Amino acid sequence: MTGLNDHLANVHLVDWHRVDWVLLDMDGTVLDLAFDNYFWRELVPARYAEKNGLEVDAARRELEPRFSAVQHTLPWYCTDHWTRETGINMAELKREIRTLIRPIPGVEEFLRMVQRSGRHLWIATNAHRDSWSLKLEHTGLGRYFEHVISSHDFGYPKEDRRFWEALREAYPFEPGRTLFADDSMPVLSSAQAYGIGQVIGIRKPDSGLPARPIPSMRSVETLAELAVTLADERRAPR
Ligand SMILES: [Mg+2]
């Protein structure tokens, strides 16, 4: 629940008069990261264990260093890479549990308000096409977005400055008049360093886990908190 104090604190979080583009990360920002956490931490180790005749803990011990070795690089986000690495068809496995894919509570209302305000609304994700198309289709959220941009199309993850350069070349936008939200610290820093005008961190990407702090960055628990700031804008005389 958003109390009056939270409301007052959030009103100043975004200067909507300086925003024409709203770029949002997908997993953990729009969609509940509970799905991905369950997938990678529980389901993949369990399937890998089954396939290789291992205990689940042994499977985890084997997989974890391989996961962390490529974190924040494109292979980490690439379903094909993990299919090759593990022999498990990742796209198929995600489809199997697609009913667990959910938006973060309250976020759809925010998307509706941004869309209604006439601003450009894009997804900027490190997720592979197999993954984002399944997720946006299953949740029906695809209809809110003018573009879905995957870093796989450019060859650099969002953590890399070259992603932002390639993005701007493919889809012209003004960084200074852009709001960007993400739950990953390295990605937030990269967006800020590139010159995105307003950068917002998400403190509670997984609805099943407690919020964590994001130091030295403007942040909200979820984008639902920003809906009130847009509601104020609509009432304000222009
Ligand atoms: Mg994310």
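The values are calculated or read from the model by the stated rules, or taken from the named source; none is laboratory data. Only a predicted model underlies this, so the values are computations on that prediction, with no experimental measurement involved. Cβ sites come from the backbone with ideal geometry, for glycine too, and all protein chains shown count toward neighbours.
Values computed for the structure shown
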| read-out | value |
| --- | --- |
| Residue match in the range 110-120 (condition: touching an Asp or Glu at 6+ places or on another chain (Cβ under 6 Å), touching a residue at least 60 places away in the same chain (Cβ under 8 Å), closer than 21 Å to residue 226 by Cβ and outside any loop (DSSP other than H, G, I, E, B)) | yes |
| Qualifying residue in the range 65-81 (condition: within 16 Å of the ligand (Cβ to nearest atom), assigned to a helix (DSSP H, G or I), modelled with pLDDT of 95 or more and surrounded by 19 or more Cβ atoms within 10 Å (Cβ to Cβ)) | no |
| Matching residues in the range 136-176 - criterion: being under 20 Å from residue 72 (Cα atoms), of a type outside the set (Lys, Arg) and part of a helix (DSSP H, G or I) | 151, 152, 153, 163, 164, 165, 166, 167 |
| Count of residues meeting criterion [surrounded by fewer than 14 Cβ atoms within 10 Å (Cβ to Cβ), part of a helix (DSSP H, G or I) and touching a residue at least 24 places away in the same chain (Cβ under 8 Å)] in the range 85-97 | 1 |
| The range 127-150 - residue that is modelled with pLDDT of 95 or more and polar (S, T, N, Q) and, of those, farthest from the ligand (Cβ to nearest atom) | 139 |
| Close pairs from the range 214-229: first touching a residue at least 12 places away in the same chain (Cβ under 8 Å) and among the polar types (S, T, N, Q), partner surrounded by fewer than 17 Cβ atoms within 10 Å (Cβ to Cβ) and outside any loop (DSSP other than H, G, I, E, B), Cβ under 7 Å, at least 6 apart | 229/11 |
| Residue 62 being at pLDDT 90 or above, away from the ligand (no atom under 16 Å from the Cβ), surrounded by fewer than 14 Cβ atoms within 10 Å (Cβ to Cβ) and over 30 Å from residue 116 (Cβ atoms) | no |
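Yes/no per residue for (1) surrounded by fewer than 16 Cβ atoms within 10 Å (Cβ to Cβ); (2) within 16 Å of the ligand (Cβ to nearest atom):
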| site | (1), (2) |
| --- | --- |
| 177 | no, no |
| 182 | no, yes |
| 191 | no, yes |
| 195 | yes, no |
| 206 | no, yes |
| 211 | yes, yes |
| 216 | yes, no |
| 231 | yes, no |
